[in-house]
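Everything below concerns the one structure shown next.
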Ligand SMILES: Nc1ncnc2c1ncn2[C@@H]1O[C@H](COP(=O)(O)OP(=O)(O)O)[C@@H](O)[C@H]1O
Ligand SMILES: [Mg+2]
């Protein structure tokens, strides 16, 4: 018996809204999908908190990516700027990791502008935050290998202390470049002729050349991403990796940073001097960002470019909430729900529940066409219509292998 779950051989798991994982996590909506699984917003019946759950089908070829990801997430427990893993489990059909729920991904937020470019303030302050996160990651011996806007997110807006913090997520392609043996850190030997890992738009030339990825490669991705915030990357329309590679070779820093502060080329010049075993000079990179901030009179606590749009979107949504439809008026008078938690808890013992949460508010109530397009693409991505959640299954799947604490998930790690 496994209604509420569908898996395919590509590792994608479709969990229906209301499905309960491990008797505890109620699926609320789908947050995203990528190469390594599907991410859901879930409600934790034990703590009444919303969390994110990443699921991967067990039937995928080539072994579990999620298991490796969980291994890295475990190392990141207690580190700011990374989702905090709460639980990892394996069931009959799929494995999953439960972690902090973050806010919108940067790929969504940057698209809120439509064709408009981002400000230098947003560009450089994101640079400062990403640099800090990458240094933290590298200092525990891990390279990410797929830094791009879709793998970065801001903190959840429900948490004012983290909503302006940039988070790095998706460790499906991450790799330990150093290992600790008997308390001593040792480099893993550099490999030649590696398989391509990453995203061709953002990866460094070293990755195109099949070099083993190192810390500098994550920083290259950061620089391409920052450059793109001010001007489309010259290779954006090229499909073939070889064409992208050629275009990157032929693109000078002057062209790459044509619409960005020219000082950024000091960072790329530094990156060109680094090999697999070299530690990047994070201090130098930080200094460049700080100099630009000084010159441009940028303050660290300014609003990010998207915040006005997000505020408009949320205000529009609140307004719509204040004018409930007849149907929802009737539903609400039957049962006032003040928080999604309350709704879900109340009804978990029954068969259906209401979530009061305004998930994916669409911007259609505003007059801003950019906002409407962005909101539409967001709702396409994340799925709308989760006001009503029916609990599909409150019992464990009888064939389930059961859940076990995160620790057990890491025994005998393979693929390293
Ligand atoms: N902890 C999280 N909180 C909120 N959204 C998340 C979280 N993790 C992932 N997402 C969303 O799901 C998308 C896909 O997640 P990701 O981990 O990148 O999966 P994949 O390995 O399939 O690319 C992300 O772009 C992001 O929008
Ligand atoms: Mg991803």
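Using a/c under 1.5 as the rounded threshold, could you call the range 114-305 rounded, prolate or oblate? The axes a ≥ b ≥ c are square roots of the C-alpha gyration tensor eigenvalues, and prolate needs a/b larger than b/c, oblate otherwise.
Numbers: a/c = 1.58, a/b = 1.18, b/c = 1.33.
In terms of gyration-tensor shape, oblate.
What is the range 114-305's relative contact order, in percent, from Cα pairs under 8 angstrom and six or more apart in sequence?
Numbers: 246 pairs, mean separation 47.8, N = 192.
Computed value for the range 114-305: 25 percent relative contact order.
Per-residue counts of other Cβ atoms within 10 Å, averaged by peptide: what ranking do you get for 124-137, 95-108, highest first?
Values: 124-137: 21.2, 95-108: 22.8.
Sorting 124-137, 95-108 by mean packing, highest first, produces 95-108, 124-137.
Given the peptides 304-312, 241-249, 180-188, arrange them by the average over their residues of other C-beta atoms within 10 Å, most packed first.
On the way: 304-312: 18.1, 241-249: 14.9, 180-188: 9.2.
Peptide ranking by packing, descending: 304-312, 241-249, 180-188.
Does the range 178-230 come out rounded, prolate or oblate, given a ≥ b ≥ c as the square roots of the eigenvalues of its C-alpha gyration tensor, rounded meaning a/c under 1.5 and, failing that, prolate meaning a/b above b/c? Could you put the intermediate results ahead of the total?
Working: a/c = 3.91, a/b = 1.76, b/c = 2.22.
Judged from the Cα gyration tensor, the range 178-230 comes out oblate (a/c at least 1.5, b/c at or above a/b).
Ordered by packing density, taken as the mean number of other Cβ atoms within 10 Å over each peptide's residues, highest first, how do 116-122, 216-222 rank? Provide the component values of the computation, followed by the final result.
Values: 116-122: 17.7, 216-222: 25.1.
My ranking of the peptides, most packed first, is 216-222, 116-122.
Compute the Cα gyration tensor for the range 141-203, then decide on rounded, prolate or oblate, letting a ≥ b ≥ c be the square roots of its eigenvalues: rounded whenever a/c is under 1.5, prolate when a/b is larger than b/c in the other cases, and oblate in all that remain. Spell out each step's value before the answer.
Values: a/c = 4.49, a/b = 1.53, b/c = 2.92.
Oblate shape, in that a/c is at least 1.5 and b/c is the bigger or equal ratio.
A short reminder: the numbers here are calculations on the coordinates, not readings from a lab. Here the structure is a predicted model, which means the values were calculated and not measured. Every residue, glycine as well, gets a Cβ built from its backbone with ideal geometry; the counts of neighbours run over all protein chains shown.
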